[in-house]
Amino acid sequence: MNFRQLLQQNEVVGLAPMDGVTDEAFRLVQTQIEKPDVIFTEFVSAEGLSRGGVKLYDTLLYSPQERPIVGQLFGKDPESFYKSAIVLCELGFDGVDINMGCPAKTVTQHGSGAALIGKPELAAEIIKAAKKGIDDWFNKKVSIDKIGLNNKTLEVIKRNKKYSNLKQDCSYKPTISVKTRLGIDKSIVEQWITHLLNQGIDIITLHGRTLKQGYAGTAGWEEIEKAVQIAKNYDTKIWGNGDVKTKTIAKEYCHKYGVTGVLIGRSAMGNPWAFNDHIASPKEKFSAMLLHAQIFKEVFPHRSFDSLRKHFILYSYGLSNAKQLRASLVRLNSVEELLTLEGEFVNC
Ligand SMILES: Cc1cc2nc3c(=O)[nH]c(=O)nc-3n(C[C@H](O)[C@H](O)[C@H](O)COP(=O)(O)O)c2cc1C
């Protein structure tokens, strides 16, 4: 089933995009342990990608078994979204998602992420540009070597395609979607969602919090339900997001609130079993952690373990000796060192 066919289903449960978390190593572990229906990458700067920031292309490495996979962009410059949408299509992504929900100051102070909720006209221009990028690429009106990328970037794109084992172009048009929040400081679901619906997009994923809320309080699923009602006469799918812990709850929410999909984020950190409701044993947790470290070393051989340590701590969550283990986990530098902790981890 391709992604467009999956969209017609009523209980899609996917992995949410998480910057600094859902990198290729994380996504591969998740896929091997329990594959979500759809996976989103971390967000990546549209301006950076279109300017040829080669390091950013590491964020877009994915393996065929992760499909369907959606690449997420953030930014504020429509022309960059046009080019970056072409890049994502060229890399074989099943969909292009636009971030209009990130509350981080580093993103919103430049007018990107959730700040776009306060600039509906610019948001519409961005969507239009990304849609045109997808259309032009799909209809072969443009090719990757005609959008001003330098040779080094074109080489990195080739590397990514080889990594993803991309042999042919997508046979269907990649989707266009927006992931957003309820509003800036209060819910303005009626205006905002109507505005987005009028841009003709495939999916709106709505996180049930405002920008101001950040991650505080609880997600307002009643507001998400309002969006579902507003979207009744549109082809756009409404997916919900916020505080969903397991696949079973995600499916319950699809029925309760009328969304056709749910993205799970934080609950999947250190817990790939969020997607099958399994309560993992310490042995299973250790195996997942080891797999994560091994894949990380394979995919990013030159990176230090620094960015992995937060995952190790999350895998140890719930173990009776988690507190003691933490001191060792935050010092780990290699797979070999990790293996020395097996006894402590498994026999807790
Ligand atoms: C560490 C972290 C990084 C995130 N990065 C992104 C991102 O890159 N793009 C995005 O749309 N949302 C991002 N989010 C928000 C999540 O996708 C999701 O909307 C939010 O965590 C609420 O869902 P949850 O309660 O299931 O975690 C991030 C959240 C966290 C905790």
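The values are calculated or read from the model by the stated rules, or taken from the named source; none is laboratory data. Keep in mind the model is a prediction, meaning the values are calculated, not measured. Glycine gets a Cβ as well: all are built from the backbone with ideal geometry, and neighbour counts include every protein chain shown.
Taken over segment 138-175, the residue count meeting the criterion of being in contact with an Asp or Glu (Cβ under 7 Å, 6 or more places away or on another chain) and free of Cβ contacts under 8 Å to residues at least 60 places away in the same chain is 3.
Among the helices (runs of 4 or more DSSP H) confined to segment 1-91, the ones with at least 2 residues that are at pLDDT 95 or above and of a type in the set (Ser, Thr, Tyr) are located at 78-90. The residues of segment 38-51 that are more than 12 Å from the ligand (Cβ to nearest atom) and among the hydroxyl-bearing types (Ser, Thr, Tyr) amount to a single one, 50.
Only residues that are in contact with a Lys or Arg (Cβ under 9 Å, 6 or more places away or on another chain) and hydroxyl-bearing (Ser, Thr, Tyr) were counted across segment 95-112, and they come to 1. Considering only residues in segment 258-268 that are of a type outside the set (Gly, Ala, Ser) and surrounded by 20 or more Cβ atoms within 10 Å (Cβ to Cβ), the one that is farthest from the ligand (Cβ to nearest atom) turns out to be 259. Taking residues in segment 13-37 that are farther than 14 Å from residue 271 by Cα and near the ligand (Cβ under 9 Å from one of its atoms), and partners anywhere that are at pLDDT below 95 and among the small types (Gly, Ala, Ser), the pairs with Cβ atoms closer than 9 Å and at least 6 places apart or on different chains are 20/307.
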